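What follows is a short report on a single structure.
The values are calculated or read from the model by the stated rules, or taken from the named source; none is laboratory data. Computed from a predicted model, the values in this text were never measured in an experiment. We place every Cβ from the backbone using ideal geometry, glycine too, and count neighbours over all the protein chains shown. Surface accessibility is based on the protein's heavy atoms, side chains included, excluding ligands, DNA and RNA. Shrake-Rupley method; radii C 1.70, N 1.55, O 1.52, S 1.80 Å.
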Amino acid sequence: RRGFAGRRARGRAGASAMAATASLVRYNNPVLVSTTKGKKGGEAKKTAGKKLPPVEIGGKELTQTEDILNSILPPKEWTKNGQLWVQYVSSTPATRLDVVNLQEQLDQKLQQRQARETGICPIREELYAQCFDELIRQVTINCAERGLLLLRVRDEIRMTIAAYQTLYESSIAFGMRKALMAEQRKSELEARIKHLRGEKMQLEEQVTELETKCTEIEQTAKERKEEEEAKHKEEVEFLKETNEQLKKNLESLLSAPKK
């Protein structure tokens, strides 16, 4: 019975490990911390609110290196069937073969999850972050100070990337606002151009009408001038003839003998 119970416990641990998110970082086997199934609600809340006791592995508490590892890479926690499981990061030193396997796993996961080779890709970013965390874990086991320094480098890189991401998002928002303003301005200018073209056509029609009226007025004035000149000429001729006639009459009267 004990062997069967042990196999069942290991099967549950394996199922819980499958429930946890697959990662390139090496973790130990999951550990059952507490069982909340069958307890009252108040007792379950008290158990969940308490701090987890230190986990003993092989009868010894976690060493200082393992404490540093747990501070760098916090343990995973999840609940399944009313049981709280915890999975701590592995403190086993890595060999050259482990590094080669890590590279192969990275390439395999990049291909399986169809990560893009260039440009911005959240999947590629996540996998390389996991790979870097695994390298930090391996280095920390051999030299804790070097691992903490790599942790500072990792946090600085993440902070810089987050700053660039914020700047990128703000620039995208600024560009969108400018594009919307330009589109609105473009619509206004197009409406104004259409209005001005309409006014231009109206003014051209008015110019054509005024030119026609000017031509008619000039033609009328020319005809009237010609008529007045002809009438004036006739009057002048008539006056000349009258003057000649009167002149002859006067000469004939003056030249007549006196009685």
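Let me spell out the model: positive unit charges on the Cβ of Lys and Arg, negative unit charges on the Cβ of Asp and Glu, origin at the Cα centre of the stretch 87-204. What dipole size does that give, in debye rounded to 20?
That gives the stretch 87-204 a dipole magnitude of about 460 debye.
Please list, ordered by chain and number, the residues whose modelled amide H lies under 5 Å from the amide H of Val89; skip anything fewer than 5 residues away on the same chain.
Asn28
Pulled fully out, how much extra length does the chain show between Ile157 and Thr79, if you take 0.36 nm times their separation in residues and subtract their Cα-Cα distance?
Answer, rounded to one decimal: 24.8 nm.
If packing is taken as the mean number of other Cβ atoms within 10 Å per residue, what is the order of 69-77, 127-135, highest first?
127-135, 69-77
From the square roots a ≥ b ≥ c of the eigenvalues of the alpha-carbon gyration tensor of the stretch 106-169, which class results: rounded (a/c under 1.5), prolate (a/b over b/c), or oblate?
It is oblate, given that a/c is not under 1.5 and a/b is not larger than b/c.
Using the heavy atoms of the protein chains and a 1.4 angstrom probe, tell me the accessible area per residue for the stretch 139-259 in square angstrom.
Heavy-atom SASA per residue in the stretch 139-259 reads 95 Å².
How long is the gain from Glu251 to Met176 if the chain were fully straight, where each residue apart is worth 0.36 nm and the alpha carbon distance is subtracted?
Roughly 16.1 nm would be gained on extension.
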